[in-house]
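Below is one structure, written out as structure tokens; the observations come after it.
The values are calculated or read from the model by the stated rules, or taken from the named source; none is laboratory data. These numbers come from a predicted model, not from an experiment. Every residue, glycine among them, receives a Cβ derived from its backbone with ideal geometry; neighbour counts consider all protein chains shown. To get the accessible areas, we keep the full protein, side chains included, count just its heavy atoms, and leave off ligands, DNA and RNA. Shrake-Rupley method; radii C 1.70, N 1.55, O 1.52, S 1.80 Å.
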Amino acid sequence: MLDGITFTLDGKEVTAGPGETIWQVANRQGTEIPHLCYSPKPGYRPDGNCRACMVEVEGERVLAASCVRTPSPGMKVHSASERAKTSRKLVFELLVADQPERETSQDPNSSFWNWADRVEVADSRFPELGRPNKVDDFSHPAMAVQLDACIHCNLCVRACREVQVNDVIGMAGRGHLEQIVFDFNDPMGDSTCVACGECVQACPTGALMPATLIDAEGTYTNAPDREVNSVCPYCGVGCQLTYQIHDDKIVAVEGRDGPANQNRLCVKGRFGFDYAHHPDRLTVPLIRKEGVSKHDVDIDPMNPFTHFREATWEEALAVASGGLAKIRDERGGNALAGFGSAKGSNEEAYLFQKLVRTGFGTNNVDHCTRLCHASSVSALIEGVGSGAVSAPFMAAEDAEVIVVIGANPTENHPVAATFFKNAAERGAKLIVMDPRGVALSRHATHMLQFKPGRDVSMLNAMLHTIIEEGLYDKQYVQANTEDFEKLAENVKNYPPEEMEKICGIPAETLREVARLYARAESSIIFWGMGVSQHIHGTDNSRCLIALSLVTGQIGRPGTGLHPLRGQNNVQGASDAGLIPMFYPDYKSVEDPEVQAFYEKYWNTKLDPKRGLTVVEIMDAIHAGKITGCYIEGENPAMSDPDVNHAREALAMLDHLVVQDIFLTETAKYADVVLPASAWPEKDGTVINTNRQVQMGRAAVPLPGKARQDLWIIQDMARGLGLDWNYGHVSEVFTEMVGAMPSLANISWERVDREESVTYPVDSPNEPGHDIVFGNGFPTKTGRGKFVPAKLINPAETPDLDYPLVLTTGRQLEHWHTGSMTRRSNVLDAVEPEAVAYMSPHDLTRAGIKTGEYMLVSSRRGTIRLKARIDDRMPVGLVFIPFAYAEAAANMLTNPQLDPFGKIPEFKYCAIKIERDLAPAEAAE
């Protein structure tokens, strides 16, 4: 081992790497040394306070804590001497004296009790030390705190403060009254805890436990009888996890050491699993009853039989596929459309778009990418030739400067945010740009809280500074880019001193941040839907691409462009061709050579014209051009802008087939409802925001007569006349890879074996490339392209009638349209009702108090919800999460589209607020 230190461990000469401790070397050599306060998992530093890992070093008077002690050349260490073993045994005996009885403890299988067994300590000769402050705390719906088992190892403190960087847990008191506290010794449920559960996973004794694994008395229950490794079903981070299962029900989840999460999870991934077992699950096929109007959607999801009747699978599939085939045969394929899902697997997405293109005969297929990062993808393909990220979010570790713009990762991508916070803690400059005062700003060196919808003015001012002051990388620009002159000419018109008046950020701050980004050895940009969900979303992304290209901050460690993808498989679904203008791998449907390849590959004629997007499909339904639709796992009745318009469209359809796990707001308009599989019930691959292809595995059985999505899609295809006979999901993956050069050298067997493979990859036995574009770009010229952006105002601006601005998004606890998270007991208990976040000034001016009901109106509708004060919100801006069906934020949003990405302007529309004067009883 290069630069190693050679020493003797238990009579054997070994070598320690730089910074390696005795414990780490011993562990690498297969020598077990007990440990309690130390966790070998990534991100945890050793502390050495528990003394359970003591070893003997020849020539030294006292024993050494092996977890913190580093070896020196020639040192002789004995891990199993009588002296070391006796010391460790004494430590465990002292600790056992204060533990609850194992049989009735919180976790009889804890790390502590397992180590106690190995050192042969079952009881103690020492008296229990009474600690009156060790009281139980069951105030949090997700976790139980029982400090009678706490050994003060402070692993939970490090988990909270150093790994997840949430700064909630600390130590208080002195001597035998010392204890773990949350904030200022608040009950856990009343503290600022974000319920990531890192402390629970780190705790070695069961003092902190998932509430699902203890009974009302605090005793261990629901012991898992098996475990299954899979991937989280929520955001695009792609955290690897382990389902813990009891009697075929998921009872707990633990994080795994995946490349994107390093054992970390957020509240959704760790505690949002029980939606799969919710009584609302669809378990039988449903057909709408004769004479029941589609405009009547007052349906209880637990009792759909007021509007639907149960059907056999044979009948339901015949009616579902037959109705679509009839429209196709009578009116042509373009009278049909399909919405696929980013919440399923790559294989499902690939088959769904193939069904629409070969079975319907149209390119009218889309999914939620149209509503999140379509403009980002449009700009990236135009500028650098690829719609995927150039570097993973883990690259923040190598960055000197990290820019996070239009994103709230602490709530939308919480695990990714931990790595940004880790980087800031080690000294990286974190620049946060967002109209809302997002939580990540607490860790930022610069917070640019610019005016909503004024991104281009701010970013062009930075480009102006970089070019005017000669801070751009002239050599890189000359060798690797094109159209620099057009960019330089355009940004001359955007001096910071003038743009300050538009974006609201002082000119000197704009110049300072531009210099910081340009001069750094490595700078990286992350952005979210605050950038993309505007009518100028593509222009916003063009500016970010220009910043990266003009400074050469791309293609190296710690540099790059990374749009943080929203859903668990939105990257994979887009890659697989679930979009109307591209076949798999973003090959244009209007390219004759590409079309010829797919006509041969799929053995059928294909439509040579690009299809309609999500919002365009709704307009086409209103125009009478589309009369049939197949929707798999999407919920446009909640997710589309101006949802009244979308719901009216759904009700107008002659034939609507919905395939889902719940009777969603969209499914209530269906003619046929097909009960599908939740993520923990299926096998399949997904691709996360880092371009990592990962394996999801079935953990629990399907409920009732529900079926796998993949097989429903295949049966629907057969009903449309397609001769499909896939025997296993791996066969679909193999076919998909054959059509996607980006997945070359990635086989089903490889993903199953390695758990995660990053594309692109050069050979079947090599790791993939985390960082791309180091040797040029996959464009026709091999160069990155500058595309100048002009100032465009939002489509609808405030006026006297509607004086405020609405922006929408997600909350930490609730994801997308809430169909899953609002059916999770923990998540819905933590955040149970719709709220609008507003500045104290706006609430006071409207005469509304926090917690009171209010009405929010736009030109498209009105919703009723509670007010919540938020000191970080600027005056004039209101934020509303869109997960609540009873107060659907998209009743208000503007359907105007970005002309390139065809994405609606979710992040900006004019609204007014007023106090709800309805009687309090009516509010309940």
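Worth a mention:
- Selection from the stretch 753-783 of residues that are farther than 20 Å from SER730 by Cβ and in contact with a Phe, Trp or Tyr (Cβ under 9 Å, 6 or more places away or on another chain): HIS769, ARG783
- Residues (small (Gly, Ala, Ser) and under 34 Å from the mean Cα position of the chain (by Cα)) located in the stretch 449-474: GLY453, SER457, ALA461
- When GLY19 is tested against (1) at pLDDT 95 or above; (2) closer than 29 Å to LEU265 by Cα, just one condition goes unmet, and that condition is (1).
Residues checked against (1) under 12 Å from ASN346 (Cβ atoms); (2) buried (at least 24 other Cβ atoms within 10 Å of the Cβ):
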position	(1), (2)
ALA651	no, no
ASP654	no, no
LEU674	no, yes
MET695	yes, no
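- Test: ARG270 is within 30 Å of PHE420 (Cβ to Cβ), assigned to a loop (DSSP other than H, G, I, E, B), of a type in the set (Lys, Arg) and at pLDDT 95 or above: no
The rows are residues; the columns are (1) under 19 Å from SER532 (Cα atoms); (2) within 19 Å of the chain's Cα centre (by Cα).
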residue: ALA349; (1), (2): no, yes
residue: LEU355; (1), (2): no, no
residue: GLY361; (1), (2): no, no
residue: VAL365; (1), (2): no, no
residue: PHE393; (1), (2): yes, yes
residue: PRO409; (1), (2): yes, yes
residue: THR418; (1), (2): no, yes
residue: ASN422; (1), (2): no, yes
residue: GLU425; (1), (2): no, no
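For every residue, the table says whether it meets (1) open to solvent by less than 30 Å² (accessible area, probe 1.4 Å); (2) among the β-branched types (Val, Ile, Thr); (3) without any contact (Cβ under 8 Å) to a residue 12 or more places away in the chain; (4) within 30 Å of VAL477 (Cα to Cα).
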residue	(1), (2), (3), (4)
VAL700	yes, yes, no, no
GLN708	no, no, no, no
TRP711	no, no, yes, no
ALA717	yes, no, no, no
ARG753	no, no, yes, no
ASP770	no, no, no, yes
ASN775	no, no, no, yes
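- Tallying residues that are under 19 Å from ASN422 (Cβ atoms) and either without any contact (Cβ under 8 Å) to a residue 12 or more places away in the chain or of a type in the set (Gly, Ala, Ser) (or both) within the stretch 378-399 yields 4.
- Unique residue being among the acidic types (Asp, Glu) and open to solvent by less than 40 Å² (accessible area, probe 1.4 Å) when the list is ASP257, ASP280, ASP296: ASP280
- Some residue of the stretch 792-805 being touching a strand residue (DSSP E or B) at 6+ places or on another chain (Cβ under 8 Å), farther than 30 Å from HIS841 by Cβ and of a type in the set (A, V, I, L, M): no
- In the stretch 834-863, the residues that are open to solvent by 30 Å² or more (accessible area, probe 1.4 Å), in contact with a helix residue (DSSP H, G or I) (Cβ under 9 Å, 6 or more places away or on another chain) and closer than 16 Å to THR808 by Cβ: ARG860, THR862
- Scanning the stretch 517-530 for residues being part of a helix (DSSP H, G or I) and in contact with a strand residue (DSSP E or B) (Cβ under 6 Å, 6 or more places away or on another chain) gives a total of 1.
- Single residue of the stretch 719-737 satisfying the filter (open to solvent by less than 30 Å² (accessible area, probe 1.4 Å) and in a helix (DSSP H, G or I)) that is nearest to GLY577 (Cα to Cα): MET736
- Yes/no for ALA789 being in a helix (DSSP H, G or I), farther than 29 Å from LEU855 by Cβ, open to solvent by less than 20 Å² (accessible area, probe 1.4 Å) and in contact (Cβ under 8 Å) with a residue 40 or more places away in the chain: no
- Residues that are crowded, with 17+ Cβ neighbours inside 10 Å and free of Cβ contacts under 8 Å to residues at least 60 places away in the same chain within the stretch 815-833 comprise ASP828, GLU831, listed in sequence order.
- Those strands (runs of 3 or more DSSP E) of the stretch 127-235 in which 2 or more residues are within 26 Å of the chain's Cα centre (by Cα) occupy 143-146, 208-210, 226-231.
- Of residues in the stretch 548-561 being of a type outside the set (Gly, Ala, Ser) and surrounded by 24 or more Cβ atoms within 10 Å (Cβ to Cβ), the one nearest to ARG519 (Cα to Cα): GLN553
- Pairs, first farther than 18 Å from THR418 by Cα and in contact (Cβ under 8 Å) with a residue 40 or more places away in the chain in the stretch 164-190, second open to solvent by 40 Å² or more (accessible area, probe 1.4 Å) and not in a strand (DSSP E or B), C-beta under 6 Å, six or more apart: HIS176/LEU129; HIS176/ARG131; PRO187/SER139; MET188/SER139; GLY189/SER139
- Within the stretch 103-151, considering residues that are in contact (Cβ under 8 Å) with a residue 60 or more places away in the chain and hydroxyl-bearing (Ser, Thr, Tyr), the one surrounded by the fewest Cβ atoms within 10 Å (Cβ to Cβ): THR104
Every residue, every condition in (1) hydrophobic (A, V, I, L, M, F, W, C); (2) at positive phi; (3) surrounded by fewer than 17 Cβ atoms within 10 Å (Cβ to Cβ); (4) out of contact with any helix residue (DSSP H, G or I) (no Cβ under 9 Å at 6 or more places or on another chain), yes or no:
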site: VAL14; (1), (2), (3), (4): yes, no, no, no
site: ALA26; (1), (2), (3), (4): yes, no, no, yes
site: GLY30; (1), (2), (3), (4): no, yes, yes, yes
site: HIS35; (1), (2), (3), (4): no, no, no, no
site: SER39; (1), (2), (3), (4): no, no, no, no
site: GLY59; (1), (2), (3), (4): no, yes, yes, yes
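- Qualifying residues in the stretch 676-693 (those that are more than 24 Å from LEU561 (Cβ to Cβ) and among the charged types (D, E, K, R)) - the one surrounded by the most Cβ atoms within 10 Å (Cβ to Cβ): LYS682
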